[in-house]
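Data first, discussion second: the structure below is written as structure tokens.
Here, each number is a calculation from the coordinates, and none is a lab measurement. Note that the structure is predicted; figures quoted are calculated from it, not measured. Backbone-built Cβ (ideal geometry, glycine too); neighbour counts: all protein chains shown.
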Amino acid sequence: MTSHDVVAIARRALKQKQIGHSGTLDPMATGVMILAVGKATRLLRFLKDDKTYEAGVLLGLVTATDDIEGEVLEKKPLTAKQKEQIKENIGPALLKFQGKIEQMPPLYSAIHINGRRLYDLARSGEIKHEELETYVKKRQVTIYDIKLNRLDISHDESEEADSRLSLKIHCSSGTYIRSIARDLGEHFGCGACLDQLRRTTAGAFSESDCHSLDELKEAGETMPLLPIERVGLPILVIEDPDWRRRFCQGQKISNPQSCQKDNQYFLLTAPEQEVLGIAALTEDGLLKPEVVLA
């Protein structure tokens, strides 16, 4: 199921045409996906863009898509020496992925090449796996934290014996977890692909905030939605009615809490909790309307 499919289901269930999402999930992935409904769609660009994933990595298998669902390019059972190397060096290996890193996106990804999606070019055979670096540049992403949850190294020497890593990854938007799986396999010389992926947080939202698609279909228009205040921005209450009027007319207003210089954007509300919109803090300390909702 794609992110587009999820949006389509939500539109039918909520009977609302204006629905957007904060970032695609791989079709095989589960977990947190943020949907914005109605006027809240205008706030999607202000959401924090970091994500947390629980990822399963299957060692010894190389695929065209860098995940378990792709065409198998090579199957390489792990040698006893490789298994020992992984056990002894997985910690230092993961540290190489922490911080600002450059990664090559998967061949099957939604990147545009001359107006066409990379995965369409891959499916048509116009770009092959070994030609990827000719068409796509490495991208810088940030891995805030990467931890080993579990290491399952099989002692069976047969080709059917699986060895896996389970990882927890906190990363910036735009990070390809499939690429991390692929690159780990290359690091150990055994090949690897992603065989499980679950997003557990997206910005200020976690799985505890979520509803399943079945719950959404059952509740329909009565589904309780989170308030706009959950966008994750600091809130400023605008007491002065004249300032509220001017803001809603698109004019800059004074900042009632001028000490808050550390944030670029603020969610403005009236004393009665009506959301006015989002303002940007200018260099001269004024609040400039970015989105007016009132």
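Report the GluC sites (Glu not before Pro) located in region 209-245 that are in a DSSP loop and have at most 16 other Cβ atoms inside 10 Å of their Cβ, or state none.
For GluC sites (Glu not before Pro) across region 209-245 that sit outside H, G, I, E and B with at most 16 neighbouring Cβ atoms in 10 Å, the list reads E239.
Kindly put Y176, Y53 in sequence by how many other C-beta atoms sit within 10 Å of each C-beta, fewest to most.
If I rank by nearby Cβ atoms, fewest first, I get Y176, Y53.
With only Lys, Arg, Asp and Glu charged, each at its Cβ (+1 for the first two, -1 for the last two), find how big the charge dipole of the chain is about the Cα centre; round to the nearest 20 debye.
Magnitude of the dipole: close to 880 debye.
How would you rank K128, K48, going from fewest to most other Cβ atoms within 10 Å of each one's own Cβ?
Ordered from fewest to most neighbouring Cβ atoms within 10 Å, K128, K48 come out as K128, K48.
Give the average over all directions of the projected area of the C-alpha convex hull of region 113-185, one decimal, in nm².
About 7.1 nm², averaged over all directions.
At 37 °C and 0.692 mPa s, grab the translational diffusion coefficient of region 2-91 from Stokes-Einstein with a Kirkwood Rh over Cα pairs, rounded to a whole number in µm² per second.
199 µm²/s
Only loop residues by DSSP count here, and only those with at most 16 other Cβ atoms within 10 Å; note down the GluC sites (Glu not before Pro) in region 47-132 that meet that.
Passing sites in region 47-132 are E69, E71, E126.
Based on the Cβ-Cβ distance from E130 to Q98, what FRET efficiency comes out when R0 is 41 Å, to the nearest 0.05?
For R0 = 41 Å, the calculated efficiency reads 0.90.
Past the 15 angstrom mark, what percentage of all C-alpha to C-alpha distances in region 49-105 do you count?
Value for region 49-105 (Cα pairs over 15 Å): 67 percent.
Report for region 149-281 the percent antiparallel among DSSP-assigned beta bridges with both residues inside it, nearest 5.
Bridges in region 149-281 that DSSP calls antiparallel: roughly 75 percent.
Taking just the alpha carbons, could you work out the radius of gyration and Dmax for region 233-292, both in angstroms?
Values for region 233-292 (Cα only, Rg and Dmax): 10.0, 29 Å.
Whole angstrom only: what separates the Cα centroid of region 131-201 from the Cα centroid of region 40-61?
Going from one Cα centre to the other spans 14 Å.
For region 51-202, what D do you get in µm² per second when you plug the Kirkwood radius from alpha-carbon pairs into Stokes-Einstein at 25 °C and 0.890 mPa s?
The estimated diffusion coefficient comes to 154 µm²/s.
Semi-axes of region 1-42's equivalent ellipsoid from the Cα gyration tensor, sqrt of 5 times each eigenvalue, largest first, rounded to whole Å?
Equivalent-ellipsoid dimensions as semi-axes: 18, 12, 7 Å.
Which far-off residues, 5 or more places away or on another chain, put their amide H under 5 Å from the one on Q196, with H placed in the peptide plane?
G56
Could you compute Rg(Cα) / (2.2 N^0.38 Å) for the chain, with N its residue count?
In units of the globular-protein estimate, the chain measures up at 1.21.
Tilt of helix 177-188 relative to the longest C-alpha principal axis of the chain, in degrees (0 to 90, nearest 10)?
Taking the Cα atoms of the chain, the angle to 177-188 is about 30 degrees.
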